[in-house]
Amino acid sequence: MTASAAWRRVAWAILAAAVVIAVTPYLWLLLTSFKTRVDILSPQPAWRFAPTWANYPAVFIGKEYLPLLWNSLSIAGCSTLLSLAIGAPAAYVFARERFPGREDLFFFFLTTRMAPPISIAVPLFLFFTATGMIDTLYAVIIAHTSFNLSLVVWMMRGFFADIPREIDEAAQMDGRSRLGAFVGVVLPLAAPGLAATAVLCFILSWNEFLYAFLLAAFEGRPLTVGIPGLVTPHGTLWGQVAAVAVVATLPIVVFAMLVQRHLVRGLTFGAVKA
Amino acid sequence: MGVALRGIRRTFPDGTVALHGLDLAFEQGEFIVLLGPSGSGKTTACRMLAGLDVPSAGSIEIDGRDVTALPPRLRGMGMVFQNYALYAHKSVFENIAYPLRVRKFAADSIRSKVQAIAALLRIEPYLHRRPAELSGGQAQRVAVARALVWEPAICLMDEPLSNLDALLRLQLRTELKRLHRDLSKTFVFVTHDQEEAMTLGTRIAVLRDGRLEQFEAPRNIYRKPASRFVAEFIGRPAMNTFDGEVRDGRFHAPGWAVPVGDRPAGPAVLGIRPEQIEIVSAATDDAFPLVLDVCEPVEPDILWFLRAGDRSLIVRGSGDDITAESGDTVHVRFPRVALHWFDPVTGARLP
């Protein structure tokens, strides 16, 4: 056996270990969601058991958790769109225009993410209470947009900077306004980067718990906030927690596959330019 | 009627001045070349015309109309960029069709116009391709087609040939000249290559440090350079220039002297083109000896580098001329009509 083949085996072993460590909890979660309460609380955890479908209808229909899925989708979807709608043009300006204080302002967007999220939780709560938006989807959407915006600005500036300035100028010579050149030519060229950024924004918003919990504990609550509701005085409903968690994970699995493809395309974006 | 830049000044935010009050006017239908070394302001001047850059002072007129404040799309100009600037996500056909689509041409008119310009530039076989699948020469042809397809009155070209290899550059140069003749549009062409400028332009504007040095037909630029700078920029190799002094009918440079006839005495700069210097077989009263340093055959010609004091005098002669070896002494003669004189301080041409 050659040295490189030996190394390859070691690499495979490490990879396999990483996969086992990463996947086992999810596998266990998936199994738990099909277990009865007795099987879950059994002192001998079992891989083989008589599966039950009862947990899913119990929580999503019995406890009316289905709207929470809709809330999660609305919050993640709207905050992603809003972040892109505001952040992409801002990133474009940062990539193209020279103005005094540009780098400082650009860095300011990053500093908004430096403080621990909890530190602005109280001001946010007071603000949304005062504006009457507390416990609505809007409050959570705006809060999530506030932290996703910095991500969009930071990621998209690089993608826009990779597009030669002459492309914008050619579009202007071809009859577009500056805005028209941005919308008609630059954005389509930045589409892979836009997609990668969108998916990351969606995942961050989808998984967010703290602001969602503080700003929309009742009507507008998403799935993440719904899970603690299954910790009852009579004990934790592990099967239902697992069922909600599985459903909450599925979109992320789908998006993770998308982000993989688009991130690779996004990162090699420089090769696309003419 | 025509295009006029009046007192165009451009100061960048960092304080550098790209153009110091440029005045330039030309007629429709001309092939204008903006020529200069890097940093001369030629590209800035072109971008001012396009509307991609805004002058700090001065105005731009097209056919008597002030367009200084107009955005690029309202100026009726097409533009070709050095790096092609094709839309990577569109096919070649859609790249060329884009100015027509933006301007809301009818679909069948778009098809026929794109086909026509593609035929003219011989890129029909590539219409379905993506820009990434084109060679540099093809890509630049597409860019030219895109700039001209909607028949703008003026076509700007910012160093369009500089990214191409030498052979393609020559081919595309000839095609541009033919295109200009056939379309009878105004072309404004930016380059740092004096040969491109000489071959293409009906008039050449030579720029230096944001100022216009000379704006004339190539023939005059070559034969009557307005300044020492132009003289040293045009020609291959460039004009020989020497600082020295005229005394008793002779021009004295450090280490050598040449009879120049009746000239006012005093310091002066003498210029002579390498191809106009004569090599003579023996000493005559208007020839003088110099030692041959290096020979460079550029068939069918030959370049002789002669030691003239601490400088080199370059002579371009026929390769069939006298054979001489390094270290030999040769006799050179400066024909009086070939002499150029420049002011040693300002560099301006003297009579």
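Values in this text are rule-based calculations from the coordinates and carry no lab data. The shown structure was predicted, so the numbers you read here are calculated from the model rather than taken from an experiment. Note: ideal-geometry Cβ built from the backbone for every residue, glycine included; neighbour counts use all protein chains shown.
Counting lysine pairs in region B:3-226 whose alpha carbons fall under 18 angstrom apart, excluding pairs fewer than 8 residues apart on the same chain, gives 5. Neighbour counts of C-beta atoms inside 10 Å place B:Ser312, A:Ser83, A:Ser4 in the sequence A:Ser4, B:Ser312, A:Ser83, starting with the fewest.
The alpha carbons of chain B stretch over 76, 44, 36 Å along the principal axes, in descending order. Our estimate of slack between B:Arg263 and B:Arg181, defined as 0.36 nm per intervening residue step minus the Cα-Cα distance, is 25.1 nm. Using a/c under 1.5 as the rounded threshold, could you call the protein assembly as shown rounded, prolate or oblate? The axes a ≥ b ≥ c are square roots of the C-alpha gyration tensor eigenvalues, and prolate needs a/b larger than b/c, oblate otherwise. Judged from the Cα gyration tensor, the protein assembly as shown comes out prolate (a/c at least 1.5, a/b above b/c).
A Cβ-based charge dipole, computed about the Cα centre of region B:3-226 with Lys and Arg at +1 and Asp and Glu at -1, lands at about 400 debye. Among the residues of B:50-56, the average count of other protein chain beta-carbon atoms within 10 Å of the residue beta-carbon is 2. Calculated FRET efficiency, A:Arg8 to B:Asn163, Cβ-Cβ distance, R0 = 41 Å: about 0.45 to the nearest 0.05. Peptide A:172-183 is shielded by partner chain Cβ atoms: per residue, an average of 6 of them sit within 10 Å of its Cβ.
Within chain A, what's the longest stretch lacking GluC sites (Glu not before Pro) that sit in DSSP loops with no more than 11 other Cβ atoms inside 10 Å? That gives A:98-218 as the longest site-free run. Per-residue 3J(HN,Hα) values for region B:201-212, derived from phi via the Karplus relation 6.51 cos²θ - 1.76 cosθ + 1.60 with θ = phi - 60°, read x, 7, 9, 10, 9, 8, 10, 8, 6, x, 10, 7 Hz in sequence order (x marks Gly and Pro). Distant-in-sequence amide contacts of B:Ala205, defined by a placed amide H-H separation under 5 Å and a gap of 5 or more residues or a different chain, comprise B:Val33, B:Leu34, B:Leu35. Looking at chain A, which longest stretch skips every one of the chymotrypsin sites (Phe, Trp or Tyr not before Pro) that is in a DSSP loop with at most 14 other Cβ atoms within 10 Å, leaving the sites themselves out? Of all site-free stretches, the longest is A:54-208. Taking a ≥ b ≥ c as the square roots of the Cα gyration tensor eigenvalues, with a/c under 1.5 meaning rounded and otherwise prolate when a/b beats b/c, else oblate, which class fits region A:144-183? Note, shape of region A:144-183 comes out oblate.
Please work out the FRET efficiency for the pair B:Glu299 and B:His331, using the Cβ-Cβ distance as r and a Förster radius of 25 Å; give the result to the nearest 0.05. The formula returns an efficiency of 0.55 here.
Sum up the charges of everything whose Cβ sits under 14 Å from the Cβ of A:Asn148, counting Lys and Arg as +1 and Asp and Glu as -1, but leave A:Asn148 out. Here the charged neighbours net out to 0.
Please give the helix B:166-183 orientation as an angle from the longest Cα principal axis of chain B, in degrees from 0 to 90, rounded to the nearest 10. It is inclined by approximately 60 degrees. Going by neighbour counts of Cβ atoms within 10 Å, the residues B:Arg111, B:Arg219, B:Arg349 line up, fewest first, as B:Arg219, B:Arg111, B:Arg349. Between the Cα long axis of helix A:66-96 and the first principal axis of chain A there is an angle of about 20°, rounded to the nearest 10.
Taking amide H as placed 1.01 Å from N in the peptide plane, A:Thr52 has its amide H under 5 Å from the amide H of A:Lys35, A:Thr36, each at least 5 places away in sequence or on another chain.
Amide H contacts under 5 Å for B:Val280: B:His331, B:Val332, B:Arg333, restricted to partners 5 or more places along the chain or on a different chain, H placed in the peptide plane at 1.01 Å from N. Karplus-derived 3J(HN,Hα) values for region B:125-140, using 6.51 cos²θ - 1.76 cosθ + 1.60 with θ = phi - 60°, are x, 9, 4, 8, 7, 8, x, 5, 8, 9, 7, x, x, 5, 4, 6 Hz; glycine and proline are entered as x. Across peptide B:65-74, what mean number of C-beta atoms from other chains lies inside 10 Å of a residue's C-beta? Mean partner-chain Cβ count within 10 Å for B:65-74: 3. Volume per residue of the convex hull around the Cα atoms, evaluated for region B:240-350, comes out as 101 Å³.
Rg and Dmax of chain A, both derived from C-alpha coordinates alone, stand at 23.2, 74 Å. Along region A:49-63 the Karplus relation, 6.51 cos²θ - 1.76 cosθ + 1.60 evaluated at θ = phi - 60°, assigns HN-Hα couplings of 7, 7, x, 10, 8, 5, 4, 5, x, 4, 8, 7, 9, x, 9 Hz to successive residues, with x for each Gly and Pro. Taking a label point 7 Å from the Cα of B:Ser38 along the Cα→Cβ vector, which residues of region B:160-201 have an amide N closer than 19 Å to it? Residues B:160-166, B:190-197 fall inside that zone. Per-residue Cβ neighbour counts within 10 Å put A:Thr145, A:Thr129 in the sequence A:Thr129, A:Thr145, beginning with the fewest. Look at the dipole of region B:3-226 built from charges on Cβ: of B:Ala4, B:Pro152, B:Leu34, the Cα furthest out on the positive end belongs to B:Pro152. Considering helices alone, the calculated mean residue ellipticity of the protein assembly as shown at 222 nm is -13500 deg cm²/dmol, with DSSP H runs of length four and up weighted by -39500 (n - 2.57) and normalised per residue.
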